Amino acid sequence: MKKILVTGSSGLIGSEVVRKYCQNGWKVYGIDNNMRADFFGPNGDTRWNQLRLLAEFKNFEHIELDIRDREGVSDTLKLLRPDAIVHTAAQPSHDLAASRPYDDFDVNAVGTLNLLEATRQHCPEAVFVHMSTNKVYGDAPNSLNLVEKENRWDFADPSYYMGIQESFSIDQSKHSVFGASKVAADVMVQEYGRYFGIATCCLRGGCLTGPNHSGVELHGFLSYLIKCNLEQKHYTVFGYKGKQVRDNIHSHDVVCFMEEFIEAPRVGEVYNIGGGRDNSISILEAFQLIEEISGNKMMYDYVDKNRAGDHICYISDLSKMKAHYPKWSITKDLRTTFEEIYQSWTARIEVTT
């Protein structure tokens, strides 16, 4: 039986990987220590997802481990020697990184290095998939010419109509402390591919979302926005007139691409992974869509100051992914994704009330 190790296995993407590979008949090991609850409080807790996976899949085994524990990570990789490693564990918030920079860097950069070196030492034949972020580009996309439309910003240059390509510079821009720690991890994953010949890839995610997200204000914009609408709580918009644009990709489609890569791996690759132009949406447009689905008016406050390093308009160009893996495509459109998140939050809130 093939084996896969998933870090952040109780989170949005990690849990989707667990589900996919358990269904594929692999032995799945998940590393998670619910650090999200430490970062974001009770609303960020992911234990519910861990327990759900353990109850549903007999071929899933949970490992309580902090990826900052270098010896623990090494011992785990030496014992398991998995065929593939999917690394989704991270500190994911811009704002939190600024107040806890050591924790941010130790989790994002050092934790990734711990996993890479353990892979090199104990299972160098394994495929290593790293969940990176589009924040490695810093705020450089904001330097592009933009046009302001009624409900969104958009690229003025037709050459960027399909979005940002992987060749876009990651240098000399403001990243946020979080973005900088993810740059360190991203480059190291590439280096372990190019220097040591390990089959690695960095997936520079746009807005990753789905029904299993424990979205909070500091991370998980779409999940948190929908939760606010459902509970009739005020959502805070930070700058850019609420017209800032993100391309949203359902966790299912992210994991389907990972599966393609693991089946036919490359060395030291980088891909921008998001929903692309068709799944792009501004905050104002997201308000309109969730109001259509729920029937609830969106309540929000506006702060006329954007978050440091935040993108005004970001869309992932999916051309490289589709060229390398032509069987892969986006299968979940925006409305379907919104509806699934809405239904998931409805069920979770009912359980707790």
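General remarks:
- D_trans [Stokes-Einstein, Kirkwood Rh over alpha-carbon pairs] for segment 1-78, 4 °C, 1.567 mPa s, µm² s⁻¹: 102 µm²/s
- Around the amide H of ILE31, modelled in the peptide plane, lie the amide H atoms of VAL6, THR7, GLY8, SER9, ILE63, all under 5 Å away and 5 or more residues distant in sequence or on another chain.
- Model label sites at LEU79 and LYS149, defined 7 Å from Cα along the beta-carbon direction, differ in position by 5.3 nm.
- Stretch gain in nm, segment ALA98-GLN288, where the contour uses 0.36 nm per residue and the Cα spacing is subtracted: 65.2 nm
- Using just its DSSP H runs of length 4 or more, each adding -39500 (n - 2.57), the chain gives a mean residue ellipticity at 222 nm of -12000 deg cm²/dmol after division by all residues.
- Net charge of neighbours whose Cβ lies under 11 Å from the Cβ of TYR161, counting Lys and Arg as +1 and Asp and Glu as -1: -2
- A Gaussian network model of the chain, with springs between Cα atoms under 10 Å, assigns the largest mean-square fluctuation among SER223, SER282, SER251 to SER282.
- For the peptides 198-205, 75-82, the ranking by mean Cβ contacts within 10 Å, running from highest to lowest, is 198-205, 75-82.
- When the Gaussian network model of the chain links Cα atoms closer than 10 Å, the mean-square fluctuations of LEU284, LEU51, LEU115 top out at LEU51.
- Kyte-Doolittle mean at least -1.0, axial Cα span of 20 Å or more - DSSP H helices of the chain: 176-194, 334-352
- Amide N of segment 70-97 lying under 14 Å from the label point, which is placed 7 angstrom from the Cα of GLU125 along Cα→Cβ: 81-84
- In plain terms, the chain from ASP45 to THR346 could stretch by 106.7 nm, reckoned as 0.36 nm per residue minus the Cα-Cα distance.
Laboratory data are not the source of any read-out in this text; all were calculated from the coordinates shown. It should be emphasised that the depicted structure is a prediction, and the values quoted were computed from it without experimental measurement. Here Cβ is always computed from backbone atoms with ideal geometry, including for glycine, and neighbour counts include all displayed protein chains.
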